[in-house]
Amino acid sequence: MKSISLVATTAILGLAACNSTISPDAVSLDTVTPKAMAPVASRIDESAFRSHIEMLSSDAFEGRSPSSPGEARTLAYIAERFKAAGLAPGNGDSYFQNVPLVTMTATSEPLTFRRDGVALQVLEQGPDTVTWSKHVTESVTLDNSELVFVGYGIVAPEYGWNDYAGLDMSGKTAVILVNDPGFATQDPALFRGNAMTYYGRWTYKFEEAARQGAAGALIVHETAPAAYPWDVVQGSWTGAQHDLVTPDKNLSRAKIEGWINVDQATTLLRNAGQDYARAKATATSPDFKAMPLGLTASTSTTNQISVSDSKNVLGLLKGSEQPNEIVVFTAHWDHLGRKTSLEGDQIYNGAVDNATGTSALIVLADAFAKAPTRPKRSLLFLAVTAEESGLLGSRHYGENPVYPLAKTVAGINIDAMNVYGRARNVSVVGYGSSELEDILARAAAAQGRIIVPEPTPEKGFFYRSDHFNLAKKGVPMLYAKGGNDLRVGGTEAGDRAAADYVTNRYHKPADEYSADWDLSGTMEDLALYYTVASEVASRPDFVEWYDGTEFKAIRDASLAAAR
């Protein structure tokens, strides 16, 4: 059996509630009768799910890049499937929300570090560095900009932290460590210890450098704290890059942004008379003082610029009693497209990331539409664009919501699903956030599973998918997926499969559909999403963030303002 019905869930929830430490195997799917599981099992169709993944990740969709022929095919496919499932257009009389994008393809010169006009290092684009400019101009030059090592590049008053204290960064280039001091030290009292905070994300570091007036911002890449190898940097930040259209054409950002690999950073610090390892250790103290390096950076970038309109896809299943209140499912439909500079396979098919999530929206929409009764609240199925370019589609929706966020009760995000078989656990990204986890825990117990914190909180996945743009507006969002404790092979097999995916397929052309995938665990996860959304859409009250989470005050204020 590949999924579990609400009837079976309800029957077992009482048992789960009596014993919060229930073991993963205490309630087996085998103890649930096929008759009880049949209603949802018949609606969440594994063969249809496979078919959608295979189609969306086929070469015909050309890697689903925004503003490409692959986008047109993707939009048509999703909208047609939403309509066939019985969903109404989610944006007035349209299934689409326009997302204005600017697309730029950068050609960057080598990045040169000099002392007194003498070149000490010349970093080649690709193997040594990847730089670009977000300025919507045809050419940008960084000319002998003073280099300053700013540690982690964090300004966090709540932690008593300011790496830019006393600095005037005007015209200068910041050299910045990735992640945050908590990960570096594994000290649970420092930031959030091993778990990455938003201060550790590369997006924050570029944002903060710009706020400080820096002309350049260079992040040092190390595989462990970045959570991906250098070839992901090369694949993700080269070729056509998308951004939202802004009134100032991004001129408030640093002129040049980019990455340098750790070997080049080590040489840079050595040329400045510093030791990289010692400087990195020093940066983990709140007493750290930024270090001018006595060197300059120079490079230039030429941009090919085009402006286009991408689309979010929205389908709505209207609620039976409170249709103006919304429970939202999100998943991004886009991937990295085609890179003509590659030899051999040039298409980034994005089968796991995120044809699985997009296909999940389709089969869940179909399952809810086939249910004998509709939820009291409306369900919004939101497939967003340009996630791979910085969560742009969900950011646009969060800033321009079709449905008031104060009336958006909660949401579930689906990104890169488990294709390795059934798991004993359910991994919650951003564990300890909201009451959605209580509902999830009861539903998981009905499958003989437990919920656990994500195994790699240091990788910052909470800030790397589309739920974040609704969460930071106050909407309680759940991002959970099949865990690493596989029923066949345990955590060793789960961790090995995850590591293999990151190394060999993540953001690479090799992320392709396979008929050999074991989707039994994925079907269980889809049943969980169905169960959680059903309860949230029919309970009398709104779910809430837990006390102490950074989004609770935002939510409380938005609900108070809406009253």
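The values are calculated or read from the model by the stated rules, or taken from the named source; none is laboratory data. Note that this is a predicted model, so its numbers are computed, not measured. FYI the Cβ positions are ideal-geometry reconstructions off the backbone, even for glycines, and counts take in every protein chain you see.
Across the stretch 466-496, which residue is farthest from Thr531 (Cα to Cα) among those that are small (Gly, Ala, Ser) and surrounded by 24 or more Cβ atoms within 10 Å (Cβ to Cβ)?
Result: Gly494.
Give me the residue from the stretch 67-86 that is under 23 Å from Val245 (Cα atoms) and touching a helix residue (DSSP H, G or I) at 6+ places or on another chain (Cβ under 7 Å) and, out of that set, surrounded by the most Cβ atoms within 10 Å (Cβ to Cβ).
Thr74
Output the helices (runs of 4 or more DSSP H) that fall wholly within the stretch 451-563 and possess 1 or more residues being closer than 30 Å to Val178 by Cα, or say none.
Helices (runs of 4 or more DSSP H) meeting the threshold: 467-471, 490-504, 552-562.
Tell me the residue from Ala371, Ala406 that is under 23 Å from His52 (Cα atoms) and either surrounded by fewer than 24 Cβ atoms within 10 Å (Cβ to Cβ) or at pLDDT below 95 (or both), please.
Going through Ala371, Ala406 in turn, just one is under 23 Å from His52 (Cα atoms) and either surrounded by fewer than 24 Cβ atoms within 10 Å (Cβ to Cβ) or at pLDDT below 95 (or both): Ala371.
With respect to Thr112, is the statement that it is modelled with pLDDT of 95 or more, outside the structural domain of Lys370 (by TED's automatic domain parsing), farther than 30 Å from Arg278 by Cα and surrounded by fewer than 21 Cβ atoms within 10 Å (Cβ to Cβ) true?
No; evaluated as a whole, the condition is false for this residue.
Give Asp353, Asp345 a once-over and let me know the one that is assigned by TED's automatic domain parsing to the domain that holds Ala480, under 21 Å from the mean Cα position of the chain (by Cα) and not hydroxyl-bearing (Ser, Thr, Tyr).
Of Asp353, Asp345, the one residue that is assigned by TED's automatic domain parsing to the domain that holds Ala480, under 21 Å from the mean Cα position of the chain (by Cα) and not hydroxyl-bearing (Ser, Thr, Tyr) is Asp353.
Of Tyr501, Tyr546, which residue is within 26 Å of Trp202 (Cα to Cα), out of contact with any Leu (no Cβ under 8 Å at 6 or more places or on another chain) and either among the aromatic types (Phe, Trp, Tyr) or not assigned by TED's automatic domain parsing to the domain that holds Ala60 (or both)?
Every option except Tyr501 fails the conditions.
Can you name every residue in the stretch 336-348 that is touching a Leu at 6+ places or on another chain (Cβ under 9 Å) and either without any contact (Cβ under 8 Å) to a residue 60 or more places away in the chain or part of a loop (DSSP other than H, G, I, E, B) (or both)?
none
Would you point out the residue of the stretch 87-105, among those that are aliphatic (A, V, I, L, M) and assigned to a strand (DSSP E or B), that is surrounded by the fewest Cβ atoms within 10 Å (Cβ to Cβ)?
The extreme case among them is Ala88.
What number of residues within the stretch 365-390 are of a type outside the set (S, T, N, Q), more than 23 Å from Ser310 (Cβ to Cβ) and outside any loop (DSSP other than H, G, I, E, B)?
7
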